[in-house]
Amino acid sequence: MLKDARRKRDDSVHPFGTLLEGKLILKEPDALVLPERARRLRRAIARRIPRVRLEDLLSQVDSWTDFAEVFRPYPGLEVPPSPAPPKRALLAALVAEGTNLGAEVLCAQTQGLSRDEIAALSGAFIRQDTLEAAGAVLVEYVRGRCRASLWSEKARLTWSGSRTQTSGKPTPVTFYPWYFAHYDRPADTYRSVADESAAYGVRVISGPAHEALAVLDGLLGNDTTPAMSVGAEPREYEDQLFAICDLLGYAYMPRLSDLSNQRLYKADLGETYSDIEPLFHGAADLGRVREEWDFMARVVASLRDRVSPARILVPRLVQAADARGVSAAFAELGRVVKSMYVLRYINDPALRRRIHLHADRRAQQRKLARRIFFSGRGDFRKDHAGLVMDAPSALAVLGNAVLVWSVVKIAEAVDGLRDEGEAVLDEDLALLPPILSAHVIVKGPYSFTPAP
């Protein structure tokens, strides 16, 4: 990899960047640039798709997928009059959780529903296992659509963390430091976003310091999407994260916002790389990696086999005096892995395009989350850590329902354009986000009626 980068630098006409006084200077924007043809296609598709109310969208999606059927009460819990809740009230309870409205406010904007009815259904049917099952049904439906493959790579699915700030001040979750780790920091939701923009692995974290841990926990706790590569932007534990992902068999491919300021390290201090030598800040200490290799292997096996979660194990390695040697070894290995990734990123236009596309997917997910989770300016209203998790998980289900609806409507719009003789290229369609958040009306009043 390093020698390949050196050869490309030697021709002095590298299209992406150049070296000036030992610093990398970019020649073009390090961001996704849509060609005008794709922009026209996006506008043409948007004009063909009508706006839809959130409750009507959920009814339509349920008629296609039956995702509401997975909501069941706790075993042994009697919920009169039947174990299957009325769809109308169940979808209303889901909206109450996912929009942060709560049962009382939603019922005030909906005719024919009582607060007690919604609260009872929410307590009995809406919890982590049923929300995850509903999300899995929606994701599988998306994958079955003919054009969903345009937004995902079947051989190498990417697991991309997406952090969304949901509060500007400390919230009730900060009273649970053993769960969220801090007393005085605002809580954020952190979701994992696959290639086709589906959301998984929702976590509530207490600030940027725990983003890397949320990435690992979401990746290793994933039973829905077989991820092969990982993309996110956490800053804490970055070197360790590069090493751990590499040893787990994943390619960690973050979006590097400060590419020109990245510090690169060689695996061999005696090797020189002519024109790109100024980019390096020395060599990693791989001797320390050899010394700690057995312990490193046990750590990775514990993570892989889910013996210990990353949010507990990784901080222990970094902070505990008796484990700092292992943490330093992970960091030294991570420096080499990261350096190889940075050089590949500079030299591979296809990789940069892929990373930019996933950054755009994450941005679209954040935009959708802010649009749906609108009530109370995004502040969590629950006062118990377990209940707080229901809101972002319900939000993920609503977001995946919007994704299902969007993929179906985009396919219909594309078919209509092609029937009229318009040339719609799959390569242009793949550049567009498969989420139509602007077409969804999320605020009340609400009317939960069955889909026709």
Counting just the residues of the stretch 95-118 that are part of a helix (DSSP H, G or I) and in contact (Cβ under 8 Å) with a residue 24 or more places away in the chain, which one comes out farthest from ALA396 (Cα to Cα)?
-> GLU117
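Looking at LEU150, LEU131, LEU121, LEU138, can you tell me which residue is farther than 22 Å from PRO309 by Cα, part of a helix (DSSP H, G or I), of a type in the set (A, V, I, L, M, F, W, C) and at pLDDT 85 or above?
Numbers: LEU150 fails: at pLDDT 85 or above; LEU131 fails: farther than 22 Å from PRO309 by Cα; LEU121 fails: at pLDDT 85 or above.
Within the list LEU150, LEU131, LEU121, LEU138, the selection yields LEU138.
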Residue by residue through the stretch 274-312, note down the ones that are assigned to a helix (DSSP H, G or I), charged (D, E, K, R) and within 19 Å of ASP239 (Cβ to Cβ).
-> ARG288, ARG290, GLU291, ARG311
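This table checks each residue for (1) surrounded by fewer than 18 Cβ atoms within 10 Å (Cβ to Cβ); (2) in contact with a helix residue (DSSP H, G or I) (Cβ under 7 Å, 6 or more places away or on another chain); (3) modelled with pLDDT of 80 or more.
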residue	(1), (2), (3)
LEU216	no, yes, no
LEU219	no, no, no
ASN222	yes, no, no
ALA227	no, yes, no
GLU236	yes, yes, no
GLN240	no, yes, yes
GLY249	yes, no, yes
ASP258	yes, no, no
Only one of (1) under 25 Å from the mean Cα position of the chain (by Cα); (2) outside any helix (DSSP H, G or I); (3) not hydroxyl-bearing (Ser, Thr, Tyr) is not met by ASP268, so which one is it?
-> (1)
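Regarding the stretch 89-100, can at least one residue be identified that is aliphatic (A, V, I, L, M) and touching a Gly at 6+ places or on another chain (Cβ under 7 Å)? Walk me through it before giving the result.
Applying the first criterion (aliphatic (A, V, I, L, M)) to the stretch 89-100 yields 89-96.
Then keep just the ones that are touching a Gly at 6+ places or on another chain (Cβ under 7 Å); that gives 96.
Checking the stretch 89-100: at least one residue is aliphatic (A, V, I, L, M) and touching a Gly at 6+ places or on another chain (Cβ under 7 Å).
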Say whether the condition of being crowded, with 19+ Cβ neighbours inside 10 Å, out of contact with any strand residue (DSSP E or B) (no Cβ under 8 Å at 6 or more places or on another chain), among the charged types (D, E, K, R) and assigned to a helix (DSSP H, G or I) is met by at least one residue in the stretch 33-45.
-> no
Within the stretch 345-360, restricting to residues that are farther than 11 Å from ASP30 by Cα and charged (D, E, K, R), the one that is farthest from the chain's Cα centre (by Cα) is ASP348
Identify, please: which residue in the stretch 436-452 is at pLDDT 85 or above and either aliphatic (A, V, I, L, M) or in a loop (DSSP other than H, G, I, E, B) (or both) and is, among those, nearest to the chain's Cα centre (by Cα)?
-> LEU436
Before we move on, is THR158 modelled with pLDDT under 85 and polar (S, T, N, Q)?
-> yes
Does the stretch 8-16 contain any residue that is modelled with pLDDT under 90, in contact with a Lys or Arg (Cβ under 7 Å, 6 or more places away or on another chain) and of a type in the set (A, V, I, L, M, F, W, C)?
-> yes
Spot the failing condition for GLY334; the list is (1) part of a helix (DSSP H, G or I); (2) surrounded by fewer than 16 Cβ atoms within 10 Å (Cβ to Cβ), and only one is missed.
-> (2)
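Taking the options ARG353, ARG361, ARG366, ARG311, name whichever one is charged (D, E, K, R) and either within 25 Å of GLY287 (Cβ to Cβ) or touching a helix residue (DSSP H, G or I) at 6+ places or on another chain (Cβ under 7 Å) (or both).
Numbers: ARG353 fails: either within 25 Å of GLY287 (Cβ to Cβ) or touching a helix residue (DSSP H, G or I) at 6+ places or on another chain (Cβ under 7 Å) (or both); ARG361 fails: either within 25 Å of GLY287 (Cβ to Cβ) or touching a helix residue (DSSP H, G or I) at 6+ places or on another chain (Cβ under 7 Å) (or both); ARG366 fails: either within 25 Å of GLY287 (Cβ to Cβ) or touching a helix residue (DSSP H, G or I) at 6+ places or on another chain (Cβ under 7 Å) (or both).
Among ARG353, ARG361, ARG366, ARG311, only ARG311 is charged (D, E, K, R) and either within 25 Å of GLY287 (Cβ to Cβ) or touching a helix residue (DSSP H, G or I) at 6+ places or on another chain (Cβ under 7 Å) (or both).
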Does ALA369 count as buried (at least 20 other Cβ atoms within 10 Å of the Cβ) and at pLDDT 85 or above?
-> no
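Each row is one residue, and each column tells you yes or no for (1) within 27 Å of ALA214 (Cα to Cα); (2) free of Cβ contacts under 8 Å to residues at least 60 places away in the same chain; (3) buried (at least 20 other Cβ atoms within 10 Å of the Cβ).
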residue: TYR273; (1), (2), (3): no, no, no
residue: PHE280; (1), (2), (3): no, yes, no
residue: ARG290; (1), (2), (3): no, yes, no
residue: ASP294; (1), (2), (3): yes, yes, no
Looking at (1) in a helix (DSSP H, G or I); (2) at pLDDT below 90; (3) under 22 Å from the mean Cα position of the chain (by Cα), which is the one condition that is false for VAL402?
-> (2)
Every pair of residues 6+ apart whose Cβ atoms lie under 8 Å, when the first sits in the stretch 413-428 and is surrounded by fewer than 12 Cβ atoms within 10 Å (Cβ to Cβ) while the second is among the aliphatic types (A, V, I, L, M) and part of a helix (DSSP H, G or I) = ASP426/LEU150
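The values are calculated or read from the model by the stated rules, or taken from the named source; none is laboratory data. Quantities reported herein were computed from a predicted structural model and do not represent experimental measurements. Backbone-built Cβ (ideal geometry, glycine too); neighbour counts: all protein chains shown.
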